[in-house]
Structure formats: C-alpha cells, structure tokens
Amino acid sequence: MNRQKKNKAPLFSFKNIVIDFVRITGGLPMLLILRPKKRFASEKAKQKLRGGALIIANHTDFVDPVYLMSAFWYRRHHFIASEEVMDSKAGGFLRACGCIRIDRNNVTMNTLRKITDKLKQGEIVSMFPQGRISSGGDEGASFKSGMVLMAIRSGAPIVPVYIKPKKSFFSRLHVVVGERVSVTELYGERPTFAQIDAAARLLYEREEQLKNLVD
C-alpha cells in the first residue's frame with residue numbers, strides 16, 4: 001500500500017481558510033456557469049480522488065485553474081505556479097490560496113519538499129506541465145520528468161486530465177479524466193532515469209488518448 005494513502009486531508013481547516021473560503025463560496029457559482037461535463041477514460045477513472053494525488057492537465061487558457069477546480073470541486077487544490085505569476089500583483093492572494101512557487105528552470109529541493117509534503121498530507125497538488133499557455137501543437141516536449149519525481153517521493157498517484165479548449169468562458173466545460181498512474185507500482189521506489197523518462201512519456205500518451213474522448 002502506498003504510504004501516502006494513510007493520510008486524508010480534512011474538508012476544511014483554519015490553516016487553509018482562504019482557499020477553502022474561495023472554494024466553498026465560489027464553487028457553486030462556477031459549477032452553475034461552467035456546467036462541467038466530465039468524461040472518464042475507464043470505470044477506474046470514475047473513482048473519486050481520496051488522499052494525496054498529483055493532477056496534471058493541458059494548459060490553453062489563463063483560467064484553466066478555475067476549470068480544473070470545477071471538475072474536482074469536492075477537493076482542495078494546491079496549484080504549482082511559476083515565479084512570474086507569484087511575483088505579480090496577485091502573488092499575495094495566490095499564496096493565501098495555497099499556490100506553490102516554482103522556478104521551472106531550476107527546481108530546488110525546498111520546492112520539491114513542499115510539494116511532496118502536501119501530497120503526503122493527503123492533499124491535491126495540481127499543475128500544468130507545459131508551463132505556459134499553448135494553442136496546440138506538440139505538447140509532449142513540455143512534459144517534465146520533475147512531476148514523476150514528485151510522485152515517487154510522495155508515493156502519490158498522478159492523474160492525467162484533458163481540458164477541452166473553450167470558445168468562451170460561458171460555454172460548457174468539457175473535461176476528460178484518465179486513470180491514475182502509480183509510478184512506484186510500475187517501477188518501484190527507486191526507478192532509473194530511463195524509467196522516469198518512460199513514465200513521463202506514458203503520461204503524455206495518456207493525455208493524447210484523452211483528447212479522443214472529447215465530443
């Protein structure tokens with residue numbers, strides 16, 4: 001059994017009072033506006049997320065975090081955000097909302113520790129491995145092996161998600177959820193560099209498959 005599955009994050013905590021307030025007060029209106037339609041890659045993918053998990057998704061819109069939260073409204077998200085975003089005027093609010101700052105060109109051990117600690121505590125950490133908004137093309141080159149390392153260190157599964165690009169904010173949201181991938185179950189707790197790269201390629205292939213399930 002994965003060691004992180006023993007931990008379960010509380011539905012509400014004073015430590016996360018801002019993110020929980022935003023999630024609770026903003027969640028229902030977003031559900032009504034976006035009317036998220038979720039499709040699943042399999043019966044296993046339909047299972048609700050319990051315990052820590054690393055959610056990865058494509059990135060085509062600056063409001064993708066809102067879309068992702070709407071798709072998993074029942075869980076608290078800690079988003080990984082770039083230095084540029086965290087240093088912006090919204091940085092203070094984003095930190096209060098549980099966002100984790102990362103330098104994508106030089107990921108430090110301290111950053112990895114913060115992320116893995118959240119996962120071990122039973123929290124959801126969400127990220128967009130592309131690192132930037134993309135209108136399409138070859139997204140596979142942007143997938144980072146760093147996300148695999150985070151999953152290995154925490155024992156948490158990785159959940160691939162595909163968000164269908166929307167024509168407007170008010171058009172219906174379509175999200176496809178894939179089966180969770182446990183890197184440690186596939187390669188053990190000490191995979192080789194080649195196995196880490198193989199896991200990253202597998203996740204990219206899974207997301208490509210999810211695209212075909214969108215109406």
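The values are calculated or read from the model by the stated rules, or taken from the named source; none is laboratory data. Remember, it's a predicted structure, so these values are computed and weren't measured experimentally. FYI the Cβ positions are ideal-geometry reconstructions off the backbone, even for glycines, and counts take in every protein chain you see. Heavy atoms of the whole protein, side chains included, go into the accessibility calculation; ligands, DNA and RNA do not. Shrake-Rupley method; radii C 1.70, N 1.55, O 1.52, S 1.80 Å.
In the condition set (1) closer than 22 Å to VAL183 by Cα; (2) at pLDDT 80 or above, GLU83 is compliant with all but (1). Within the range 156-184, if we keep just the residues that are open to solvent by 60 Å² or more (accessible area, probe 1.4 Å) and in contact (Cβ under 8 Å) with a residue 12 or more places away in the chain, the residue that is nearest to the chain's Cα centre (by Cα) turns out to be ARG180.
Could you check the range 194-204 and list, in sequence order, the residues that are open to solvent by 40 Å² or more (accessible area, probe 1.4 Å) and touching a residue at least 40 places away in the same chain (Cβ under 8 Å)?
The answer is ASP197, ARG201, TYR204.
Contact annotation: residue pairs with Cβ atoms under 7 Å, 6 or more positions apart or on different chains, pairing a residue in the range 81-100 that is on the phi < 0 side of the Ramachandran plot with a partner that is assigned to a strand (DSSP E or B) and open to solvent by 70 Å² or more (accessible area, probe 1.4 Å), are ALA81/ARG101; GLU83/ARG101; MET86/ARG101. Taking the criterion of being over 30 Å from LYS164 (Cα atoms) and part of a loop (DSSP other than H, G, I, E, B), the residues of the range 178-196 that qualify are GLY188, GLU189, ARG190, PRO191, THR192. For the range 42-58, name all the residues that are surrounded by fewer than 20 Cβ atoms within 10 Å (Cβ to Cβ) and within 26 Å of ARG153 (Cα to Cα). Those that are surrounded by fewer than 20 Cβ atoms within 10 Å (Cβ to Cβ) and within 26 Å of ARG153 (Cα to Cα): LYS44, ALA45, LYS46, GLN47, LYS48, LEU49, ARG50.
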